[in-house]
Amino acid sequence: MNYEGIVSKRVDAPYRSERVEAWQKIKVVQKGKFPVVGFIKDPSGVAALYLGKKEGKDLVYMGKVGTGWSRTTSAQIRKALDTVVSPKQKLTKTIRKPKATWVEPKFYADIEYRDITSEGLLRASSFKGLSKGTRRS
C-alpha cells in the first residue's frame, strides 16, 4: 500500500488528539543495493555518492546519499572509487552535476531509504556499506 509507516497508541492510554508519549510512529525502512556512478570529493574522502539503478539495458540516476559513514569509512570509499574513475558518466540519460567525479559502476552501495519520490529519486537515504561485484537488487 506504500504507506510511510504506521501510527499506534498504547492500548491502556486514553485517546488524545495532541502528541503524547502514548502515540508512536514507526517508519518503514526500505533497503537496496545501487551501483555507484559518481561521487563528490571532500578533502579526506567523499562528501556524497551518486547512485544509479539498472532498468533493462539502461542505467538511470536514482539520486545521492551523503550520510551514514565515518571519516575512516569515507576515506576507504574514496580509495576504492579512485580505482574506477571514468572521464565521463555512464548513465543512459546524462545529468548535470558539476562537482561530480564519475566512475565505472563496479561498486554497489547498500542503502536504507524511506521511499522513492515521484521523480524516481531515493528519499531520506543512508549509506550502510560498499561492495564490489554483481547487482543483487
Output for Cβ contacts, cut-off 6 Å, separation at least six or different chains, first residue assigned to a helix (DSSP H, G or I) and surrounded by 14 or more Cβ atoms within 10 Å (Cβ to Cβ) in region 71-92, second modelled with pLDDT of 95 or more and among the β-branched types (Val, Ile, Thr), reads Ser74/Val46; Ile77/Val46; Arg78/Val46; Leu81/Val103; Val84/Val103
Looking only at residues in region 93-110 that are in contact (Cβ under 8 Å) with a residue 24 or more places away in the chain and part of a loop (DSSP other than H, G, I, E, B), which one is surrounded by the most Cβ atoms within 10 Å (Cβ to Cβ)?
-> Pro105
Checked Gly129, Gly66, Gly45 against criteria (surrounded by 11 or more Cβ atoms within 10 Å (Cβ to Cβ), touching a helix residue (DSSP H, G or I) at 6+ places or on another chain (Cβ under 8 Å) and among the small types (Gly, Ala, Ser)); the one match is Gly45
Among the residues of region 1-41, how many are under 18 Å from the mean Cα position of the chain (by Cα) and open to solvent by less than 100 Å² (accessible area, probe 1.4 Å)?
-> 13
From the list Gly68, Gly120, which residue is on the phi > 0 side of the Ramachandran plot and either at pLDDT 95 or above or not in a loop (DSSP other than H, G, I, E, B) (or both)?
-> Gly68
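The values are calculated or read from the model by the stated rules, or taken from the named source; none is laboratory data. None of these values were measured; they are calculated from a predicted model. In this analysis, Cβ positions are derived from the backbone assuming ideal geometry, glycine residues included, and neighbour counts consider all displayed protein chains. With ligands, DNA and RNA removed, areas are computed over all heavy atoms of the protein, side chains included. Shrake-Rupley method; radii C 1.70, N 1.55, O 1.52, S 1.80 Å.
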